[in-house]
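In what follows, a structure is listed as structure tokens, so that the remarks can point back to it.
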Amino acid sequence: MTDPRRAIPRTDRLLALPAVERARERLAENVIRVVIAEAQGAARRGELEPDGVAARVAADLATRGSSTLRPVLNATGVVVHTNLGRAPLSAAAVDALLAASGYVDVELDLRTGTRSKRGLGARAALLAACPAADEALVVNNGAAALVLATTALAAGREVVVSRGELIEIGAGFRLPDLIASTGARLREVGTTNRTHLRDYADAIGPDTGCLLKVHPSNFRVEGFTSGVSVAELAPLAAERGVPLIVDLGSGLLAPDPLLPDEPDAATTLAAGADAVTASGDKLLGGPQAGILLGRSEIVTRLARHPLARAVRADKLALAALEATVTGAAPPVTVALHADPARLRERVERLAEAVDGTVVAHDGRVGGGGAPGVPLPGWAVRLPAAAAPLLRSGHPAVLPRVHDGVCLVDPRCVPESEDGRLTAAVVAAVDRL
Ligand SMILES: *Cc1c(COP(=O)(O)O)cnc(C)c1O
């Protein structure tokens with residue numbers, strides 16, 4: 001008897017298959033070879049008939065995407081979901097991003113044919129949306145904006161900051177460590193629950209590089225507390241000639257009545273901050289980016305610092321950010337302001353299709369924003385066992401698992417996706 005493994009097609013034969021030829025337009029040669037080796041391996045282990053190898057290779061190549069990142073329907077009710085990449089982009093931002101994916105005039109003046117400044121469109125959009133700022137700079141992310149500000153203003157000197165604002169922003173990243181990494185020294189003032197204006201006044205000296213206020217976005221201290229507002233701190237900063245920087249975190253450019261405790265750039269600058277830093281992919285609803293807005297003199301100083309080059313935003317982020325700011329309300333804003341009555345109709349339709357129970361369910365801002373602010377809405381309640389089936393389905397759906405049940409909340413699912421959401425939930429429930 002001949003060894004059936006000798007019937008396994010050889011690599012050169014498989015490489016010549018028409019399906020492989022077609023896959024070469026999308027996939028790198030090494031990826032194709034790995035797919036072939038995996039199919040041959042399966043046949044060698046007896047998991048696949050030798051004459052099924054070619055078909056397996058063709059099928060695997062056909063379903064192989066260009067990225068292993070899988071789109072997910074966010075059924076958690078958490079709007080800015082860090083594990084899901086924070087803000088989903090608006091249609092306008094996606095268009096802009098695609099348009100910018102080839103050669104673009106990101107640093108070129110097409111009229112004169114000479115070099116221009118990078119990111120002028122995003123800068124203009126931000127200044128138009130936040131007239132309280134004289135100058136804007138876009139960098140890689142919120143943390144980079146903060147690092148750039150403290151490096152340029154206070155490396156080798158002191159950053160005066162309240163002990164109540166020394167926060168951890170997630171996954172073990174702590175602002176005090178971040179600031180210390182820039183070579184600036186933290187000059188902590190006040191206590192965890194109370195900081196007074198005189199604490200700042202006593203700490204300012206010849207070594208002060210800047211005053212920093214950080215919005216403690218992911219927690220709240222309640223009870224016997226007091227902090228010093230930007231409006232109270234600004235005159236002191238001006239009198240002593242030190243810049244006042246405010247890390248807003250969330251990226252609201254203007255106040256949102258739904259989130260009364262969430263600081264915004266316009267109000268904070270009007271209250272006297274010299275510059276604010278924020279993320280592009282939280283409440284602003286755009287791509288990952290760090291946004292610096294403020295007085296010309298300060299922002300220009302940061303832009304000219306050598307570190308600015310190391311944290312600069314790429315053309316895709318600049319394009320998507322500009323489109324987010326100038327376009328219609330992005331998905332984050334739509335989900336935040338979703339009408340509970342409309343959510344209820346959608347949930348009822350879904351519950352009917354899958355024989356689930358409609359329950360009241362509060363959404364959350366997420367992304368370390370507006371802790372404790374519930375967003376009233378509805379969800380379909382399913383057994384907890386549905387959750388892993390939903391996550392591994394097509395499309396993948398991430399529900400919320402809470403108190404031993406699985407909750408499917410459509411707040412963050414675009415209405416145009418309701419058909420796919422229903423089909424995915426039906427398929428998961430069928431497998432229960
Ligand atoms: C989120 C956040 C940051 C970090 O911003 P990234 O865009 O994640 O780098 C910094 N400060 C505050 C207050 C934040 O909420």
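The values are calculated or read from the model by the stated rules, or taken from the named source; none is laboratory data. It should be emphasised that the depicted structure is a prediction, and the values quoted were computed from it without experimental measurement. Here the Cβ is made from the backbone with ideal geometry for all residues, glycine too, and neighbour counts use every protein chain on show.
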So R157, is it more than 15 Å from the ligand (Cβ to nearest atom) and in contact with a Ser or Thr (Cβ under 9 Å, 6 or more places away or on another chain) = yes
ask   = What residue, among those in the stretch 126-153 that are closer than 25 Å to G205 by Cα and in contact with a helix residue (DSSP H, G or I) (Cβ under 8 Å, 6 or more places away or on another chain), is nearest to the ligand (Cβ to nearest atom)?
value = L146
key: Breaking point among (1) in contact (Cβ under 8 Å) with a residue 60 or more places away in the chain; (2) more than 16 Å from the ligand (Cβ to nearest atom), for P260   = (1)
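Looking at P399, is it surrounded by 14 or more Cβ atoms within 10 Å (Cβ to Cβ) and not hydroxyl-bearing (S, T, Y)?
Here the answer is yes, as P399 does meet what is asked.
For a quick check of your reading: which helices (runs of 4 or more DSSP H) sit entirely within the stretch 333-432 and have at least 1 residues that are under 25 Å from A91 (Cβ atoms)? If you could, list the steps in order and put the result at the bottom.
On the way: elements: 340-354, 386-391, 418-430.
Here the list reads 340-354, 418-430.
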task = Would you mind stating whether A329 is surrounded by fewer than 17 Cβ atoms within 10 Å (Cβ to Cβ) and out of contact with any strand residue (DSSP E or B) (no Cβ under 9 Å at 6 or more places or on another chain)?
result = yes
key: Flag if D199 is assigned to a loop (DSSP other than H, G, I, E, B) and either modelled with pLDDT under 95 or over 18 Å from A154 (Cα atoms) (or both)   = no
ask   = Among the residues of the stretch 105-123, how many are touching a residue at least 40 places away in the same chain (Cβ under 8 Å) and more than 15 Å from A289 (Cα to Cα)?
value = 1
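Every residue, every condition in (1) surrounded by 11 or more Cβ atoms within 10 Å (Cβ to Cβ); (2) closer than 30 Å to H337 by Cα; (3) of a type outside the set (F, W, Y); (4) touching a residue at least 12 places away in the same chain (Cβ under 8 Å), yes or no:
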site	(1), (2), (3), (4)
E25	no, no, yes, no
Q40	yes, no, yes, yes
A43	yes, no, yes, yes
V53	yes, no, yes, yes
T63	no, no, yes, no
T76	yes, yes, yes, yes
task = Count, please, the residues in the stretch 280-297 that happen to be buried (at least 24 other Cβ atoms within 10 Å of the Cβ) and not in a loop (DSSP other than H, G, I, E, B).
result = 5
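So, in the stretch 366-400, exactly how many residues are away from the ligand (no atom under 16 Å from the Cβ) and under 22 Å from the mean Cα position of the chain (by Cα)?
Result for the stretch 366-400: 9.
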query = In the stretch 158-173, which residues are crowded, with 17+ Cβ neighbours inside 10 Å and in a strand (DSSP E or B)?
reply = E158, V159, V160, V161, S162, I169
note = Subset of the stretch 303-315, residues within 16 Å of the ligand (Cβ to nearest atom) and of a type in the set (A, V, I, L, M, F, W, C), comes to L307, A308, A310, V311, A313
key: Top-ranked residue in the stretch 215-245 [being under 27 Å from the mean Cα position of the chain (by Cα) and at pLDDT 95 or above; ranked as farthest from G366 (Cα to Cα)]   = L244
key: Count - residues of the stretch 105-146 that are among the aliphatic types (A, V, I, L, M), surrounded by 17 or more Cβ atoms within 10 Å (Cβ to Cβ) and in contact with a strand residue (DSSP E or B) (Cβ under 9 Å, 6 or more places away or on another chain)   = 13
key: Hits in the stretch 179-196 (condition: away from the ligand (no atom under 16 Å from the Cβ) and either outside any strand (DSSP E or B) or in contact with a Phe, Trp or Tyr (Cβ under 8 Å, 6 or more places away or on another chain) (or both))   = G183, V189, G190, T191, T192, N193, R194, T195, H196
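Only one of T268, T300, T277 is part of a helix (DSSP H, G or I) and within 15 Å of the ligand (Cβ to nearest atom). Can you tell me which?
Details: T300 fails: within 15 Å of the ligand (Cβ to nearest atom); T277 fails: part of a helix (DSSP H, G or I).
Answer to the check: T268.
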request  = With the checklist (1) touching a residue at least 60 places away in the same chain (Cβ under 8 Å); (2) closer than 23 Å to D314 by Cα in hand, flag the one item T182 doesn't pass.
outcome  = (1)
ask   = From P216, P206, P176, which residue is assigned by TED's automatic domain parsing to the domain that holds A266, within 13 Å of the ligand (Cβ to nearest atom) and in a loop (DSSP other than H, G, I, E, B)?
value = P216
